[in-house]
Structures are given as C-alpha cells and as structure tokens.
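The values are calculated or read from the model by the stated rules, or taken from the named source; none is laboratory data. The shown structure was predicted, so the numbers you read here are calculated from the model rather than taken from an experiment. Ideal geometry is used to build each Cβ from the backbone, glycine not excepted, and the neighbour counts take in all protein chains shown.
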Amino acid sequence: MEQEQTKRIVLGITGGIAAYKAAELLRLLMKQGIEVQVAMTEAACHFITPATMQGLSGKPVFAGQWEAGAANGMAHINLSRAADAIVIAPATADFIAKLAHGLADDLLSALCLARNCPLLVAPAMNREMWLNAATQRNIAQLLADGVRVLGPDSGVQACGEEGMGRMLEAEDLARDIAAFFQPKPFTGKKILITAGPTYEAIDAVRGITNRSSGKMGYAIAQAALELGAEVVLVSGPTALARPRGAQVVDVVSAAQMFGAVKQHAGDCDVFIGVAAVADYRVAQPSEQKIKKSSDALTLELLPNPDILAYVANLPDPPFCVGFAAESENLMEYAEQKRRAKKLPLLVGNLAQRAIGSDDNELVLFDGSGSHVLPRAGKLALARQLMQHITQRYEGAQK
Ligand code: PMT
C-alpha cells in the first residue's frame, strides 16, 4: 500500500470554554501522525494557556498579530502556506461571524482569509447563540464558501442549559479530521452493512440471541463513511452510538433484518454481512409469557433465510463480503464458508476473541489465499479492511 504523506494542520483556537478540549484534540491529532501548529486568539489565551499548547505540540504557539514569531513579519501568510488544512476548534459565534464576513483583525482571522488550503470549523457556543438567525446565516455562508463545518453536538452546555451548540468531543473531531484527509474512493457509492445480533422471540419476554455487540459492524460503517460512501447500516439490538452520517435501520429479528436488506440490496454497490444472524427462529413464539411448569419444554426451531446468500445470488449482485466467527479450525471452516456462499471475500475471526471485545484479529480469505490483519482496535481493523475491500472492489469493476 502507498506510504501516506504526513499531513500538517494549523489548529486555531478561539475564546470559548470548549478551548480546554483543544489540548486533547491536539494530542489525538499528533497520535495519528498529523503535524500541528497552534495559533490562538487573544481571548483563547484566557481559557487555555499557550504554554500548555506549546508543551503538547513541541512548537512555539502563535498568539498575537504583532509578535515577532515570523522573521518576515508575515505569520498570517507563512502559516497557511505550510498547512494542508486549517482547523478552528473551538470556533466561537464571533469568530464564525468574522469568517463569514471576511474580517481579518487578528492573526487567526487574517491567516484564514489569506489561506490557500481547506478550512474546517468546529462551532462551540450557547444554544441560543447557535440558533440565532445571524449565526445560522453565517454558517450557511461558510458552507456556501466551501468551509467544512464539524458539528456542533447537542447536550448539556457549560452554562447549564441543554441543546445544540456543544463542540464535538475531541475524539470525534480527530476522527473527522483524519477522515477529511483520506481519499474518497466510494463517493457516490452505496455500502450496505449488517451488524449486531438478532433476537428471536420465544414468548413475550424471552428470546434466543447471541453475544454480538455490533462493535465490528459499526466500526466498518464508520470506516466506509470515511471513504466517502453512502452507508446504510441494518443493525440488530445494540447499545452503541450511531455512526454520524450513516442511515441506520433498526431491526430485532433475522426476518426483519432480511426485510431491511432486501429493500436496500438492489441498488447497493457493496454488501458487508457482519451481523451474527440467528440461524433458527422459534416456529410459534407465544404472545404471552410461557408459564413455568415441571414438564420439559420443547421448542420447534425453523431455519432462518440466509441473508448473505440471498444478496450474493441476486441477478446483478453487489460486491459481497461475508464474515465468519469460528471457535475452532478458523482457516478451514472460513474458507469452506467463502466457497459455499461463492463470495469474492470472506473475513474470518475467532468467536471467543472477537465477540463483544474492543479489539480483534481478522483473516481475509479470497480466491488467492489468506491474509492476516493482526490484532488491533476494531476501528483500526475496519479501516484496513476497507482498504482491502476498495482494492478488490475496484479490481472487480475493471
Ligand atoms: O459484534 P461484535 O461483538 O463486534 O462481534 C463481531 C462478530 C464476531 C459478530 C463479527 O466479526 C462476525 O464474525 N460476524 C459473523 C458471525 C458469524 O459467524 O456468522 P455465520 O458464520 O453464522 O454466518 C456467515 C455469514 O453469513 C456472516 O456474514 C453472516 O452475517 C451471514 N449470515 C448468516 C446467517 C444468516 N441467516 N444470514 C446471514 O446473512
């Protein structure tokens, strides 16, 4: 795979309480190998000190228009020329207004105006300030000018009020910024993903399910979004936060999952079956809670339709990727499954290590053999897997 070039950003911090999150954002960006130069407004220095940001970034911080930081006195030009993007986090309502009107009365606004690279802003303000018609006009103007707006989020605010306007968490911002730099091979393409367990009712309160948490499937949905895809995530019951930007279809049983997949499979380009679908359902679930008795209870189970096999056998099928969780003989059973379902790619994992955990190890099986993706966090693995899927999908289109 190609060696990625180090990306450089200017992290601009403006004067809001969310400025404290900029320290964590800086750390996360650097962890991802992004070079960061910090520039702060005077107001930002009241919320977090340049010394903190200098200590974390290992570089002097630009905090004033008239400091002798640049030999030619043109920090506003030099900084933006050296950057692949400028990220303003937090971006206050005041700073957003400045950007919308092209004001340049301090270093940070001047370097935004003088930039020749993309600008990303992460708004952070009180909910009434966010909802104010002026702010909404300014945001619309920034979007029209091609500025990328990240967030805001909704929730409890520093002032105690609740609503829209919180800055996205540092982790979300770091992920969005890293995704911004990635190529977007799936722009205009639709990827359909199943995730999580299914639940097959026995009666009104009991059911048959499994320990799939949905983490692997949700991570793949996130990685697919980062590559520019339109993502439809058909999800069994999970407690996970939805990947921002994905269309999530909530289902409970395998029959419901099958119904949802059928609705979207016809026009999707890639299908990835990550869900641990129950192989059987109860023939006649009771509408009422079954009363306990001393007699043995026999349940008749009927096989569920195989969703992946259905999609793979459509007349004009999408590029299909299956998963297999095996508790033994992974190499043998997974390859058998790939052949039986006639899949171009099947991803094997050991059930006891994969289900419910935050990390995993994957083995990719295709017509030419197997390839191990060593143990890592599920999002990191999902990103690697999506790179493999991209290559194979593009190969299959030729
Ligand atoms: O959710 P996590 O806790 O993160 O765990 C992730 C995982 C272990 C569930 C995931 O990585 C995984 O391996 N999923 C597949 C589970 C499995 O073993 O599936 P299977 O062998 O029963 O089915 C093989 C393939 O057919 C899978 O792609 C499955 O989605 C699909 N299938 C199976 C049965 C069925 N009725 N319909 C299907 O589409």
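Things to note:
- Restricting the range 155-178 to residues that are at pLDDT 90 or above and small (Gly, Ala, Ser), the residue that is surrounded by the most Cβ atoms within 10 Å (Cβ to Cβ): 165
- Leading residue by the ranking (surrounded by the fewest Cβ atoms within 10 Å (Cβ to Cβ)) among those in the range 35-68 that are part of a loop (DSSP other than H, G, I, E, B) and in contact (Cβ under 8 Å) with a residue 60 or more places away in the chain: 42
- Contact map, the range 104-118: residues that are at pLDDT below 90 paired with residues that are not hydroxyl-bearing (Ser, Thr, Tyr), Cβ distance under 6 Å, separation 6+ or inter-chain. No pairs are found.
- For the range 287-302, the tally of residues that are more than 14 Å from residue 206 (Cβ to Cβ) and surrounded by fewer than 10 Cβ atoms within 10 Å (Cβ to Cβ) stands at 6.
- Residue pairs meeting the criteria (Cβ under 8 Å; at least 6 apart or on separate chains; first assigned by TED's automatic domain parsing to the domain that holds residue 224 and buried (at least 17 other Cβ atoms within 10 Å of the Cβ), in the range 187-206; second of a type in the set (Ser, Thr, Tyr) and part of a strand (DSSP E or B)): 194/235; 195/235; 196/235; 200/280
Results for (1) touching a strand residue (DSSP E or B) at 6+ places or on another chain (Cβ under 6 Å); (2) without any contact (Cβ under 8 Å) to a residue 24 or more places away in the chain, shown as yes or no for each residue.
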{"site": "331", "(1), (2)": "no, no"}
{"site": "337", "(1), (2)": "yes, yes"}
{"site": "354", "(1), (2)": "yes, no"}
{"site": "361", "(1), (2)": "yes, yes"}
{"site": "375", "(1), (2)": "yes, yes"}
{"site": "382", "(1), (2)": "no, no"}
{"site": "387", "(1), (2)": "no, no"}
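- Of all residue pairs spaced 6 or more apart or on separate chains, those with beta-carbon atoms under 8 Å, a first member in the range 152-179 that is farther than 20 Å from residue 224 by Cβ and a second member that is of a type in the set (Ser, Thr, Tyr) and surrounded by fewer than 17 Cβ atoms within 10 Å (Cβ to Cβ) are 162/154; 163/154; 164/154; 165/154; 166/154.
- Subset of the range 163-182 [of a type in the set (A, V, I, L, M), closer than 21 Å to residue 93 by Cβ and in a helix (DSSP H, G or I)]: 170, 173
- Residues of the range 269-286 classified as away from the ligand (no atom under 14 Å from the Cβ) and either in contact (Cβ under 8 Å) with a residue 24 or more places away in the chain or buried (at least 16 other Cβ atoms within 10 Å of the Cβ) (or both), total: 4
- Exclusive hit being in contact with a helix residue (DSSP H, G or I) (Cβ under 6 Å, 6 or more places away or on another chain), more than 10 Å from the ligand (Cβ to nearest atom) and at pLDDT 95 or above, set 205, 231: 231
- Residues satisfying the stated conditions in the range 330-356, i.e. surrounded by 15 or more Cβ atoms within 10 Å (Cβ to Cβ), within 8 Å of the ligand (Cβ to nearest atom) and more than 17 Å from residue 389 (Cα to Cα): 337, 341, 351, 354, 355
- Filter pass, residue 259 being assigned by TED's automatic domain parsing to the domain that holds residue 351, surrounded by fewer than 20 Cβ atoms within 10 Å (Cβ to Cβ), touching a Leu at 6+ places or on another chain (Cβ under 6 Å) and without any contact (Cβ under 8 Å) to a residue 24 or more places away in the chain: no
- Qualifying residue in the range 289-307 (condition: of a type in the set (Lys, Arg), touching a residue at least 12 places away in the same chain (Cβ under 8 Å), in contact with an Asp or Glu (Cβ under 6 Å, 6 or more places away or on another chain) and not in a strand (DSSP E or B)): yes
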